[in-house]
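Novice: Below: one structure in structure tokens.
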Amino acid sequence: MRTIQMVDLQTQYAAIKTDIDRGIQEVLDSAAFVKGPQVTRFAEHLQAYTGAKHVIPVGNGTDALQIALMALGLKEGDEVITPTFTFIATAEVVALLGLTPVVVDVDWETMNISVDAIRRAITPKTKAIVPVHLFGQCANMEAILQIAEEHHLYVVEDACQAIGAEYTFSDGHRQQAGTMGEIGCTSFFPSKNLGCYGDGGALFTNDDALAAQIKAIANHGMVVRYHHELVGVNSRLDSIQAAILDAKLPHLNEYTAARQAAAAYYDRAFANHPKMLVPGREKASTHVFHQYTLRLIGADRDRLKEGLAERHIPAMVYYPIPLHLQKAYQDPRYKQGDFPVAERLAACVLSLPMHTCLDEEQLQYITRSVLELIQ
Ligand SMILES: *Cc1c(COP(=O)(O)O)cnc(C)c1O
């Protein structure tokens, strides 16, 4: 049996090596390492894939989130609502810009931001909502966009884990993760669903003026060369990463299907078990399974994790500490017990290996081991 990894990038690379190597070699031969034609080409292809009007590649997903909030012209003291159960980057950029993060609880079933909690958190200072499409499925975007419209708020989607997830609105029309709010952000970190071989990210928007603003901010606030109209940053996707992503994008649907097949295998093995709950599904969204995350009920997580490790099966806790209990984000407004669902999730979630190359033998070994070891 092949070694089981949380994410197996070697096997994935081996299958597309010729295309990847050719793409990288072209960049080396041209020496256009920055702003090469690969970057524009990839952006166009991703535009066609997602249906977003504009795709602006940047250096990483965290930069994408920061640039999004800068492009919306948010000012110190403006409140930005985010879920407390997420990766830190979401709140980090809010704090870095001097905005006020307002964290809210999540839904127990989907682990995504709670719509009721958003409603309760809105104040006259609220300017934006940043829903995170956690683990690969879209948050309840129809309700979130409705709230945003009622209260004149911006929506910036953190779609770093959900590229390719599709959301169906009640009128039947569909949109992809990252293309529904004013701005969507994604990451091409190697382990993400569409990963490069270094750092990368992108912003999506359907608004021409915002697209222009985002491009300027990502390029030192420059529109005309050496004329700086705003304070910007330097954030670029380099040509080698763009070439790699362009070679991988045609495989994204097949990668998603492989993740969904692995998730279906896990679901079947663990359904109706008294000590674990399989991931609940957001009704209107497809799930692209960036992670497959179990909720353990009355089981010893550490022991299970150690037992799996002894059998060379990695498992990870995403995320062990909600934002409001992180040291760097301590805030007199929040204390332990304020967000019970997020706190309960942090204590009981366990993510199993999830990637595009899990085979039946591995899945059987993983599921059998979990069933034998859970207690
Ligand atoms: C990965 C990730 C980010 C940050 O992306 P980077 O490219 O690593 O900067 C932000 N938010 C979420 C939810 C993520 O999973």
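The values are calculated or read from the model by the stated rules, or taken from the named source; none is laboratory data. Note that the coordinates shown come from a computational prediction; the quantities given were computed from them, not determined experimentally. Please note: Cβ atoms are built from the backbone with ideal geometry, for glycine as well, and neighbour counts cover all protein chains shown. For accessibility, only protein heavy atoms count, side chains too; no ligands or nucleic acids. Shrake-Rupley method; radii C 1.70, N 1.55, O 1.52, S 1.80 Å.
Novice: So, in the stretch 298-315, how many residues would count as being surrounded by 17 or more Cβ atoms within 10 Å (Cβ to Cβ) and outside any helix (DSSP H, G or I)?
Specialist: Qualifying residue count for the region: 3.
Novice: Is at least one residue of the stretch 71-85 farther than 30 Å from F339 by Cα and not small (G, A, S)?
Specialist: Among the residues of the stretch 71-85, not one is farther than 30 Å from F339 by Cα and not small (G, A, S), which makes the answer no.
Novice: From the set of residues in the stretch 229-239 that are within 16 Å of the ligand (Cβ to nearest atom) and of a type in the set (A, V, I, L, M, F, W, C), which is least open to solvent (accessible area, probe 1.4 Å)?
Specialist: L237
Novice: For a quick check of your reading of the model, give me the residue pairs whose first member lies in the stretch 61-88 and is of a type in the set (F, W, Y), whose second is open to solvent by less than 10 Å² (accessible area, probe 1.4 Å) and within 13 Å of the ligand (Cβ to nearest atom), with beta-carbon atoms closer than 7 Å and at least 6 apart or on different chains.
Specialist: Cβ pairs passing all conditions: F85/V106; F85/M111.
Novice: In the stretch 190-223, what count of residues is obtained for those that are surrounded by 20 or more Cβ atoms within 10 Å (Cβ to Cβ), hydrophobic (A, V, I, L, M, F, W, C), out of contact with any strand residue (DSSP E or B) (no Cβ under 7 Å at 6 or more places or on another chain) and not in a loop (DSSP other than H, G, I, E, B)?
Specialist: Residues in the stretch 190-223 being surrounded by 20 or more Cβ atoms within 10 Å (Cβ to Cβ), hydrophobic (A, V, I, L, M, F, W, C), out of contact with any strand residue (DSSP E or B) (no Cβ under 7 Å at 6 or more places or on another chain) and not in a loop (DSSP other than H, G, I, E, B): 1 in total.
Novice: So which residues in the stretch 152-165 are away from the ligand (no atom under 16 Å from the Cβ) and in contact with a strand residue (DSSP E or B) (Cβ under 7 Å, 6 or more places away or on another chain), if there are any at all?
Specialist: L153, Y154
Novice: Condition first: of a type in the set (D, E, K, R), part of a loop (DSSP other than H, G, I, E, B) and open to solvent by 80 Å² or more (accessible area, probe 1.4 Å). Now tell me which residues in the stretch 318-341 satisfy that.
Specialist: Answer for the stretch 318-341, where residues must be of a type in the set (D, E, K, R), part of a loop (DSSP other than H, G, I, E, B) and open to solvent by 80 Å² or more (accessible area, probe 1.4 Å): R333, K335.
Novice: Turning to a different aspect of this structure: Please verify whether the stretch 248-269 includes one or more residues that are among the polar types (S, T, N, Q), surrounded by 18 or more Cβ atoms within 10 Å (Cβ to Cβ) and away from the ligand (no atom under 16 Å from the Cβ).
Specialist: The first filter runs over the stretch 248-269 and keeps only residues among the polar types (S, T, N, Q), leaving 253, 256, 260.
Keeping just the survivors that are surrounded by 18 or more Cβ atoms within 10 Å (Cβ to Cβ) gives 256.
Now narrow it down to the ones that are away from the ligand (no atom under 16 Å from the Cβ): 256.
Taking every residue of the stretch 248-269 in turn, at least one turns out to be among the polar types (S, T, N, Q), surrounded by 18 or more Cβ atoms within 10 Å (Cβ to Cβ) and away from the ligand (no atom under 16 Å from the Cβ).
Novice: Another one. Any residue that is closer than 30 Å to E149 by Cα and free of Cβ contacts under 8 Å to residues at least 60 places away in the same chain - is there at least one of those in the stretch 186-208?
Specialist: Checked the stretch 186-208: no residue is closer than 30 Å to E149 by Cα and free of Cβ contacts under 8 Å to residues at least 60 places away in the same chain.
Novice: With the requirement that a residue be within 18 Å of the chain's Cα centre (by Cα) and either free of Cβ contacts under 8 Å to residues at least 40 places away in the same chain or under 24 Å from Q38 (Cα atoms) (or both), what does the stretch 247-283 give you?
Specialist: K248, L249, L252, N253, Y255, T256, A257, Q260 - these are the residues of the stretch 247-283 that are within 18 Å of the chain's Cα centre (by Cα) and either free of Cβ contacts under 8 Å to residues at least 40 places away in the same chain or under 24 Å from Q38 (Cα atoms) (or both).
Novice: Please work out if G184 is farther than 21 Å from V94 by Cα and either away from the ligand (no atom under 16 Å from the Cβ) or modelled with pLDDT of 95 or more (or both).
Specialist: On the way: farther than 21 Å from V94 by Cα: no; either away from the ligand (no atom under 16 Å from the Cβ) or modelled with pLDDT of 95 or more (or both): yes.
Spelling it out, it is not the case that G184 is farther than 21 Å from V94 by Cα and either away from the ligand (no atom under 16 Å from the Cβ) or modelled with pLDDT of 95 or more (or both).
Novice: Among the listed residues Y226, Y292, identify the single one that is open to solvent by 60 Å² or more (accessible area, probe 1.4 Å) and either without any contact (Cβ under 8 Å) to a residue 24 or more places away in the chain or in contact with a strand residue (DSSP E or B) (Cβ under 9 Å, 6 or more places away or on another chain) (or both).
Specialist: Result: Y226 is the single residue among Y226, Y292 that is open to solvent by 60 Å² or more (accessible area, probe 1.4 Å) and either without any contact (Cβ under 8 Å) to a residue 24 or more places away in the chain or in contact with a strand residue (DSSP E or B) (Cβ under 9 Å, 6 or more places away or on another chain) (or both).
Novice: For the stretch 63-99: of the residues being touching a Lys or Arg at 6+ places or on another chain (Cβ under 7 Å) and of a type outside the set (D, E, K, R), which is least open to solvent (accessible area, probe 1.4 Å)?
Specialist: The extreme case among them is V80.
Novice: Determine which member of the set T356, T286 is open to solvent by less than 40 Å² (accessible area, probe 1.4 Å) and β-branched (V, I, T).
Specialist: Going through T356, T286 in turn, the sole match is T356.
Novice: Answer yes or no as to whether L245 is open to solvent by less than 10 Å² (accessible area, probe 1.4 Å) and touching a Cys at 6+ places or on another chain (Cβ under 6 Å).
Specialist: So L245 passes the test.
Novice: Still on this structure: Could you say which residue among A68, A64, A52 is away from the ligand (no atom under 16 Å from the Cβ) and assigned by TED's automatic domain parsing to the domain that holds A209?
Specialist: A52
Novice: Mind checking which residues of the stretch 3-34 are touching a helix residue (DSSP H, G or I) at 6+ places or on another chain (Cβ under 7 Å) and not small (G, A, S)? Give the derivation first.
Specialist: Narrowing the stretch 3-34 to residues touching a helix residue (DSSP H, G or I) at 6+ places or on another chain (Cβ under 7 Å): 4, 13, 16, 19-20, 23-24, 26-27, 32-34.
Result: I4, Y13, I16, D19, I20, I24, E26, V27, F33, V34.
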